[in-house]
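Below is one structure, written out as structure tokens; comments come after it.
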Amino acid sequence: MNVGIIGAGNMAQALLSPMKDFFSQSASEIKIYTPTNTRAQVLAKILNGKAVDQLEDVADCELIILAHKPQQLREVSEQLKLKPSTAIISLLASIETGQLKSTFGVDKVLRLMPNTPAQVGLGVVTCFYEQKDGAFFLPWVDSLAKSSLVHRFEEESLIDLMTPELGSGPGMVLEMIRIFSHSLEQKGMGAKEAMRLSAMVFEGSGALVKRTGETPEELRNKVTSKGGITQECIRHLSEQHLEKILHDAFKAGHNRAVELKTAK
């Protein structure tokens, strides 16, 4: 199977690089296009593919992976004429499978919404495809599942609804790590050590939830002594309405997803 990849930014590299062995086994040829060709060459080296100069050079591929910016969809579709038998894997935020099918005149579309920790084998990838296309896309999904936690939604609308937590979530967690780290620096710790220790606080807490099977609330209560330091920190966060702030942020993110969808 010939595979064409359009776009090779951070998200594309994070998601596709861990799949290099699968690409080598399943793809007879891999063509990668980016406007400047620079990032295409980087991803081509990783996947043992070929960076091409023109978008039209990928038109004859049996599978196209769309990893460009969503705002470029019209430009790409005007230049790229695909056969009805071509399959598409899309990483484009807020663009539904129905729109991609009508835009390119194809019938098989797998929609993915990854997050950046995929590049270190700790990503979350939500996906949607029609049941009839499962046999075609399942090998790709199974390969993704070797380096990320993959969750398939039965309803496509849930991807946009839950993208703020699962897709954008790492950005918010990284901001929290930055705040923890900055606080330690202000107290006299070196920047590198502060960043390393703060990152471990979040990594360890997440691992504790996964390995114990207990809820975050149960685990939190176990480490929150009455009248202790943790309780005082949590009390202050509660008084500042942290939970509401985060829920408002999730809602704002979903509203933005809706805006992006209607703008296309």
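Yes/no per residue for (1) touching an Asp or Glu at 6+ places or on another chain (Cβ under 7 Å); (2) surrounded by fewer than 16 Cβ atoms within 10 Å (Cβ to Cβ); (3) in contact (Cβ under 8 Å) with a residue 60 or more places away in the chain; (4) assigned to a helix (DSSP H, G or I):
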{"position": "132", "(1), (2), (3), (4)": "no, yes, no, yes"}
{"position": "136", "(1), (2), (3), (4)": "no, yes, no, yes"}
{"position": "141", "(1), (2), (3), (4)": "no, no, no, yes"}
{"position": "155", "(1), (2), (3), (4)": "no, yes, no, no"}
{"position": "158", "(1), (2), (3), (4)": "no, yes, no, yes"}
{"position": "163", "(1), (2), (3), (4)": "no, no, yes, yes"}
{"position": "172", "(1), (2), (3), (4)": "no, yes, yes, yes"}
{"position": "176", "(1), (2), (3), (4)": "no, yes, no, yes"}
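Using the structure shown, decide if residue 198 is hydroxyl-bearing (Ser, Thr, Tyr), outside the structural domain of residue 114 (by TED's automatic domain parsing) and surrounded by 14 or more Cβ atoms within 10 Å (Cβ to Cβ).
yes
Could you please let me know if residue 113 is touching a residue at least 60 places away in the same chain (Cβ under 8 Å) and either in contact with a Leu (Cβ under 8 Å, 6 or more places away or on another chain) or within 25 Å of residue 157 (Cα to Cα) (or both)?
So residue 113 fails the test.
Could we say that residue 51 is touching a Leu at 6+ places or on another chain (Cβ under 9 Å), surrounded by fewer than 19 Cβ atoms within 10 Å (Cβ to Cβ), of a type outside the set (Ser, Thr, Tyr) and farther than 30 Å from residue 254 by Cβ here?
no
Within the range 209-228, can one find any residue that is of a type in the set (A, V, I, L, M) and loosely packed, with under 11 Cβ neighbours inside 10 Å?
Checked the range 209-228: no residue is of a type in the set (A, V, I, L, M) and loosely packed, with under 11 Cβ neighbours inside 10 Å.
Give the number of residues within the range 216-253 that are farther than 20 Å from residue 176 by Cβ and not basic (Lys, Arg).
Looking only at that region, the number is 5.
Would you check if there is a residue in the range 188-199 being in a helix (DSSP H, G or I), within 30 Å of residue 110 (Cβ to Cβ) and within 27 Å of the chain's Cα centre (by Cα)? Talk me through it step by step, then tell me what you get.
Of the residues in the range 188-199, the ones in a helix (DSSP H, G or I) are 191-199.
Still in the running and within 30 Å of residue 110 (Cβ to Cβ): none.
No: zero hits.
Would you please name the residue that is surrounded by the most Cβ atoms within 10 Å (Cβ to Cβ), looking only at residues in the range 96-124 that are more than 23 Å from residue 61 (Cβ to Cβ) and either out of contact with any helix residue (DSSP H, G or I) (no Cβ under 8 Å at 6 or more places or on another chain) or hydroxyl-bearing (Ser, Thr, Tyr) (or both)?
If we take residues in the range 96-124 being more than 23 Å from residue 61 (Cβ to Cβ) and either out of contact with any helix residue (DSSP H, G or I) (no Cβ under 8 Å at 6 or more places or on another chain) or hydroxyl-bearing (Ser, Thr, Tyr) (or both), then 116 is surrounded by the most Cβ atoms within 10 Å (Cβ to Cβ).
The values are calculated or read from the model by the stated rules, or taken from the named source; none is laboratory data. Only a predicted model underlies this, so the values are computations on that prediction, with no experimental measurement involved. Positions of Cβ are generated from backbone atoms using ideal geometry, with glycine treated the same way; all protein chains shown enter the neighbour counts.
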